[in-house]
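Below is one structure, written out as structure tokens; comments come after it.
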Amino acid sequence: SGTVRYRVLKPTKGITPGLQSLLVAADVNGKETARLWIKAEIRVFDEVLITAYPLAHHERVSADKVRLEWRDISSVAARPFYRLGEVEGLEAARAIEVNEVLTQKSLERPTLMRRGSAIVLVYESGSLRVEAPGVAEEGGKAGDLIQVKNPSSGKLLRGLVLDGRTVKVN
């Protein structure tokens, strides 16, 4: 008789979501009186962004298309998004159903440049800045390195996509 408290003893491999076997100590009045193995299903819940409406492949995400909701994220394969600021301006990497948790794999940066697009090639070195017309030889997203062509020289270059019409070459 007395005050009973249970403690989960330090697991050998760490605790992860799913069905786990845990060693529990039973303390009566502060003194350990028994140890027993129990099976427990571990689940992780958090407030994450989910779709309020279905999203088509390549559809841009906006505030009216998502909402925060308390969800079980134990089986979510990729890191979920927690704030609207993280997803605004991204687009669906595939068709996404309504009420689906938004993750790093379900959204991607939008494609800003398409193959064959007329672009501006920018070269900068110190205080020197040179701009020339160019053509995108491949599509790309902001921050991608893509192949571009200077039509006047016919030279192929690699450059960094800055926006929908500008590529920085060096």
Practice problem: Using a 1.4 Å probe and counting only protein heavy atoms, arrange 33, 166 so the residue with the most accessible area comes first. | Solution: 33, 166
Self-check item: Relative compactness, segment 96-139, computed as alpha-carbon Rg over 2.2 N^0.38 Å
Solution: 1.89
Quiz item: Just from its helices, what would the mean residue ellipticity at 222 nm be for the chain, if runs of 4 or more DSSP H residues each count -39500 (n - 2.57) and the sum is divided by every residue, rounded to the nearest 500 deg cm²/dmol?
Solution: -500 deg cm²/dmol
Quiz item: For the chain, what relative contact order do you get, as a whole percent, if you take Cα pairs closer than 8 Å and at least 6 residues apart?
Solution: 14 percent
Quiz item: Is segment 117-170 best put as rounded, prolate or oblate by its Cα gyration tensor, with a ≥ b ≥ c the root eigenvalues, rounded for a/c under 1.5, and otherwise prolate when a/b is larger than b/c, oblate when not?
Solution: oblate
Quiz item: How large is ³J(HN,Hα), in whole Hz, for each residue of segment 4-9 in order, when computed from phi with the Karplus curve 6.51 cos²θ - 1.76 cosθ + 1.60 and θ = phi - 60°, using x for Gly and Pro?
Solution: 9, 10, 10, 10, 7, 6
Quiz item: Taking every DSSP beta bridge that has both residues in the chain, what percent is antiparallel when rounded to the nearest 5?
Solution: 95 percent
Practice problem: Would you work out what percent of the accessible area of the chain, with all protein chains in place, is carbon or sulfur (probe 1.4 Å)? | Solution: 52 percent
Quiz item: Can you list, largest first and rounded to whole Å, the semi-axes you get for segment 1-126 by taking the square root of 5 times each eigenvalue of its Cα gyration tensor?
Solution: 49, 18, 13
Self-check item: In order through segment 44-52: 3J(HN,Hα) via Karplus (6.51 cos²θ - 1.76 cosθ + 1.60), integer Hz, x for Gly, Pro
Solution: 10, 10, 7, 8, 10, 7, 10, 7, 8
Exercise. With a 1.4 Å probe and every protein chain left in place, work out the accessible area per residue of segment 20-68 in Å², rounded to a whole number.
Key: 63 Å²
Practice problem: Kindly sort 62, 152, 1 by accessible area of their heavy atoms, largest first, with the probe set to 1.4 Å. | Solution: 1, 152, 62
Practice problem: Treat segment 39-104 as a sphere of radius equal to its Kirkwood radius over Cα pairs and apply Stokes-Einstein at 25 °C in a medium of 0.890 mPa s; give the translational diffusion coefficient in µm²/s, rounded to a whole number. | Solution: 201 µm²/s
Quiz prompt | Accessible solvent surface per residue of segment 73-140, calculated while the other protein chains remain in place, 1.4 angstrom probe, Å² | solution = 56 Å²
Quiz prompt | Cα-only Debye scattering, segment 69-156: base-10 log of I(q)/I(0) at q = 0.10 Å⁻¹ | solution = -0.44
Quiz item: Using the Cα gyration tensor of segment 81-120, with a ≥ b ≥ c the square roots of its eigenvalues, what is the shape: rounded (a/c below 1.5), prolate (a/b larger than b/c) or oblate (neither)?
Solution: prolate
Quiz item: residue 74 to residue 31: FRET efficiency via 1/(1 + (r/R0)^6), r the Cβ-Cβ distance, R0 35 Å, to the nearest 0.05?
Solution: 0.50
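The values are calculated or read from the model by the stated rules, or taken from the named source; none is laboratory data. As the structure is a computational prediction, the values presented were derived from the model and not from experiment. Methodologically, a virtual Cβ is constructed for each residue, glycine included, from the backbone with ideal geometry; neighbour enumeration extends over all protein chains shown. Just the protein is used for accessible areas: all its heavy atoms, side chains included, with ligands, DNA and RNA removed. Shrake-Rupley method; radii C 1.70, N 1.55, O 1.52, S 1.80 Å.
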